[in-house]
Amino acid sequence: MLQVSYIRENREKVLERLAVKNFKQLNLVDEIIQLDNDRRAAQTSSEELQAKANAAAKQIGDLMRAGKKDEAESIKANTVAWKEEIKILGDALAMIEDDLNQKLVLLPNLPHASVPKGLTPEENEVVLENGAKPNLPENALPHWDLAAKYKLIDFELGVKITGAGFPVYLNKGAKIQRALIAYFLDEAEKAGYSEVIPPLVVNEASGFGTTQLPDKEGQMYYINEDKLYLIPTAEVPVTNLYRDVILKGEDLPVKNCAYTQCFRREAGSYGAHVRGLNRLHQFDKVEIVTVAHPDKSYEILEQMSLHVQGLLQKLGLPYRVLRLCGGDMGFGSALTYDMETWSAAQQRWLEVSSVSNFETFQSNRLKLRFRNAEGKTQLAHTLNGSALALPRILATILENNQTEKGIKVPEVLVPYTKFEWVD
């Protein structure tokens with residue numbers, strides 16, 4: 001959530017950056033500033049009346065002690081009217097603050113100066129491309145056919161048990177899945193991330209803190225009786241570990257990783273482009289989360305991007321890095337890098353990771369602060385990234401490594417799988 005003080009002091013810049021993000025309700029900026037003016041005016045009037053009432057109370061006490069009861073009663077009549085005005089102002093102030101907060105949560109984060117203009121994924125900026133695309137034989141199969149051929153994943157069995165988008169991993173498919181999770185966690189630990197195992201369900205306050213609510217409410221599974229949400233990513237519970245926390249400046253950055261299952265409704269997702277593992281309602285992911293000093297957060301963002309790229313390189317997967325344009329960015333992000341792997345059988349790029357800097361947008365909602373060198377508290381920056389989401393990683397491993405002999409397991413996974421081939 002943007003800070004009102006920043007909006008007031010940087011109105012033109014806020015409007016300019018929101019336009020880069022293709023935000024249409026620019027009128028909200030002036031409405032927020034006006035509501036803040038109204039809030040300040042009501043607050044000032046209330047404080048002035050309260051000061052009068054306090055002074056009068058002291059005066060009444062002095063008069064009563066001096067035996068001047070009639071004068072004291074005369075002043076007391078004024079205080080009754082002032083208290084009534086204070087109550088009315090208090091009620092008005094509460095309404096103004098509620099309206100102000102309702103409008104504030106509608107504003108997305110401001111994009112970083114480096115974010116390119118654009119509306120669609122086709123306008124994202126390709127930062128780099130790494131690795132040669134494999135040349136597969138003409139009879140190469142997409143991963144859903146490979147999964148059936150080698151009995152790795154049963155999509156229909158998942159439909160029977162739950163519904164579309166809930167696959168059942170079998171045999172060596174299950175072992176590769178488990179190997180990827182362990183490998184990603186081990187690599188995160190080497191990079192200095194401390195592992196946590198968070199809950200898979202969160203309350204409304206947690207969803208609000210990391211901007212899933214109210215922006216993505218329709219994308220999350222909701223447990224009505226308990227008013228809880230299944231997590232769409234480990235970012236939500238892990239970042240909320242630090243809600244209402246004041247960290248020591250010398251302890252920054254704080255780095256966590258977590259493996260969780262993730263749940264997304266993905267309403268309206270149909271067609272060949274979401275077939276197989278391309279888009280699921282339940283999937284496994286290892287997430288990395290960092291709480292950083294504002295002066296260091298963009299340096300850390302680059303480090304997180306390099307960490308993800310290192311995983312893709314060690315898996316032998318060709319990939320590219322995109323800097324998302326304003327219109328394709330998430331609601332809370334200031335800058336996002338997407339990593340995509342090349343699916344040789346499908347002949348297209350598949351997104352496997354997003355690494356984002358939220359600056360103070362989440363921490364303002366979370367009241368996540370640190371104590372700086374001067375001893376004052378200030379908002380920290382939060383960052384997170386997929387390292388990695390498993391479904392499309394597994395899809396590209398199966399497709400890109402298929403041979404006449406079978407599917408070659410990436411060398412870095414063999415110590416985990418205990419086998420080199422799927423045949």
- prompt: Counting just the residues of the range 367-393 that are of a type in the set (A, V, I, L, M) and either out of contact with any strand residue (DSSP E or B) (no Cβ under 6 Å at 6 or more places or on another chain) or not in a strand (DSSP E or B) (or both), which one comes out farthest from L315 (Cα to Cα)?
  reply: A373
task: Kindly establish whether L35 is hydrophobic (A, V, I, L, M, F, W, C), under 29 Å from the mean Cα position of the chain (by Cα), exposed (fewer than 15 other Cβ atoms within 10 Å of the Cβ) and modelled with pLDDT of 95 or more.
output: no
- prompt: Hey, among V115, V168, V127, which residue is open to solvent by less than 70 Å² (accessible area, probe 1.4 Å) and in contact with a Lys or Arg (Cβ under 6 Å, 6 or more places away or on another chain)?
  reply: V127
- request: Check A66, A56, A41 and return the single one that is in contact with a Phe, Trp or Tyr (Cβ under 8 Å, 6 or more places away or on another chain), more than 30 Å from G332 (Cβ to Cβ) and open to solvent by less than 70 Å² (accessible area, probe 1.4 Å).
  value: A56
- line: Apart from one, (1) part of a loop (DSSP other than H, G, I, E, B); (2) of a type in the set (A, V, I, L, M); (3) surrounded by 19 or more Cβ atoms within 10 Å (Cβ to Cβ) all hold for L136; the odd one out is (3)
message: Between a residue in the range 11-26 that is farther than 16 Å from C325 by Cα and any residue that is in a loop (DSSP other than H, G, I, E, B), which pairs come within a Cβ distance under 6 Å, given they are 6 or more apart or on different chains?
response: L15/L26
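Let's see how each residue does on (1) modelled with pLDDT of 95 or more; (2) in contact with a Ser or Thr (Cβ under 6 Å, 6 or more places away or on another chain):
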position	(1), (2)
S354	yes, yes
S363	yes, yes
A373	no, no
L383	yes, yes
K418	yes, no
D423	yes, no
task: Would you mind telling me which numbered condition in (1) over 21 Å from V20 (Cα atoms); (2) open to solvent by less than 20 Å² (accessible area, probe 1.4 Å); (3) assigned to a loop (DSSP other than H, G, I, E, B); (4) not acidic (D, E) L311 fails?
output: (3)
message: Need pairs with beta-carbon distance below 8 Å; first residue free of Cβ contacts under 8 Å to residues at least 60 places away in the same chain and within the range 239-250, second surrounded by fewer than 17 Cβ atoms within 10 Å (Cβ to Cβ) and of a type in the set (A, V, I, L, M, F, W, C); sequence gap 6+ or separate chains.
response: L241/V196
- prompt: For the range 147-242, which fully contained helices (runs of 4 or more DSSP H) count at least 3 residues that are of a type in the set (A, V, I, L, M) and over 18 Å from the mean Cα position of the chain (by Cα)?
  reply: 155-161, 171-190
- line: Taking the range 41-58 and the residues there that are over 16 Å from A77 (Cβ atoms) and among the hydrophobic types (A, V, I, L, M, F, W, C), the one that is farthest from the chain's Cα centre (by Cα) would be A51
- prompt: Residues in the range 318-333: is at least one more than 22 Å from S194 (Cβ to Cβ) and hydroxyl-bearing (S, T, Y)?
  reply: yes
- prompt: With respect to the numbered conditions (1) buried (at least 16 other Cβ atoms within 10 Å of the Cβ); (2) closer than 22 Å to P391 by Cβ; (3) out of contact with any Lys or Arg (no Cβ under 9 Å at 6 or more places or on another chain); (4) modelled with pLDDT of 95 or more, which one is the sole condition not fulfilled by T233?
  reply: (3)
message: I want to confirm something. Restricting to the range 325-336 and keeping residues that are open to solvent by less than 10 Å² (accessible area, probe 1.4 Å), in contact with a strand residue (DSSP E or B) (Cβ under 6 Å, 6 or more places away or on another chain) and in contact (Cβ under 8 Å) with a residue 60 or more places away in the chain, which single residue is farthest from V409 (Cα to Cα)?
response: A334
task: Name the residue, out of K103, K149, that is in contact (Cβ under 8 Å) with a residue 12 or more places away in the chain and among the basic types (K, R).
output: K103
query: If only one of W349, W342 is open to solvent by 20 Å² or more (accessible area, probe 1.4 Å), in contact with a Pro (Cβ under 6 Å, 6 or more places away or on another chain), assigned to a strand (DSSP E or B) and over 23 Å from A113 (Cβ atoms), which one is it?
result: W342
task: Name, by its number, the condition in (1) out of contact with any helix residue (DSSP H, G or I) (no Cβ under 7 Å at 6 or more places or on another chain); (2) open to solvent by 30 Å² or more (accessible area, probe 1.4 Å) that does not hold for G61.
output: (2)
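The values are calculated or read from the model by the stated rules, or taken from the named source; none is laboratory data. Predicted, not measured: the structure shown is a model, and the values here were computed from it. Counting neighbours? That spans all protein chains shown, and the Cβs are built from the backbone with ideal geometry, glycine included. Accessible surface is based on the protein model in full, side chains and every heavy atom, while ligands, DNA and RNA are left aside. Shrake-Rupley method; radii C 1.70, N 1.55, O 1.52, S 1.80 Å.
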